[in-house]
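Data block below; observations after.
The values are calculated or read from the model by the stated rules, or taken from the named source; none is laboratory data. Given the structure is predicted, the values throughout are model-derived calculations rather than measurements. Neighbour counts are summed over all protein chains in view; Cβ atoms, including those assigned to glycine, are modelled from backbone coordinates with ideal geometry.
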Amino acid sequence: MENFVIDYWQLRLESLRERLVKNNFQVAIVPSAAEAADYILVKLLPELMPTSVAYGGSMTLASTGILDKIAALDGIKLIPLKAPGLSDEAQMELKRQSLLVDLYLTGTNAVTEDGCLVNLDRVGNRIGALTFGPKRVLVIVGRNKIVPDLDSAIYRIKDYAAPANAMRLKCKTPCAKTAECADCNSPGRICNTWTITEKSYPKGRVTVILVNDELGL
């Protein structure tokens, strides 16, 4: 990619960092998903020394490869998002356990230019952890998730991210067939609960890694 494109986004990310810091988030900027993984391994884990880690479903998070690296570390229990052969009730229990960990990893559906995280969930485990429970939360954000304001965030999520995720997950919803939100009542609906995280509370509980690359949906 041309350097001027990277430079353009670097300036945008630095401006966003300032606003996120004012909103009590801890913030780092890295050039790639691989560098995000390095930041977690070299900086964040030694600082926090977690004994338990969990995560939410996130293509952005998966692109870093960090979960396999954490799973290989001694002294850290990684709670899986899913486990083969478990009943639905047991799978839900894993999600409940993930709310009590030292560190929770996730992505975000959108981040506004004034420094707010905007998310829409099906079950609520991801946004539940972001809001309350885990001692610390890490959110990895590709530059493609940046939007001007809350209305733009809602539009981006309902018009693009949700239908695309419904297709990826093979949900039986109208948007998976039409690529347009129908505000449906389908049992497979993945758009159930919104959260707008205006500030990190307590201060510094949520760390945001801004990545100068396009990651996830």
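Within the stretch 165-177, if we keep just the residues that are buried (at least 19 other Cβ atoms within 10 Å of the Cβ) and of a type in the set (A, V, I, L, M), the residue that is nearest to Leu120 (Cα to Cα) turns out to be Ala166. Here the stretch 25-55 is the region considered, the condition is being in contact with a helix residue (DSSP H, G or I) (Cβ under 7 Å, 6 or more places away or on another chain) and assigned to a strand (DSSP E or B), and the residue that is nearest to Ser200 (Cα to Cα) is Val27.
Screening Ser15, Ser58 for residues that are modelled with pLDDT of 95 or more, crowded, with 21+ Cβ neighbours inside 10 Å and of a type in the set (S, T, N, Q) leaves exactly one candidate, Ser58.
Would the stretch 100-108 turn up any residue that is loosely packed, with under 14 Cβ neighbours inside 10 Å and part of a helix (DSSP H, G or I)? There is no residue in the stretch 100-108 that is loosely packed, with under 14 Cβ neighbours inside 10 Å and part of a helix (DSSP H, G or I).
Screening the candidates Asp74, Asp114 for the property of being without any contact (Cβ under 8 Å) to a residue 40 or more places away in the chain and over 17 Å from the mean Cα position of the chain (by Cα) yields one hit, Asp74. Number of residues in the stretch 178-217 that are acidic (Asp, Glu), surrounded by fewer than 16 Cβ atoms within 10 Å (Cβ to Cβ) and touching a residue at least 24 places away in the same chain (Cβ under 8 Å): the value is 2.
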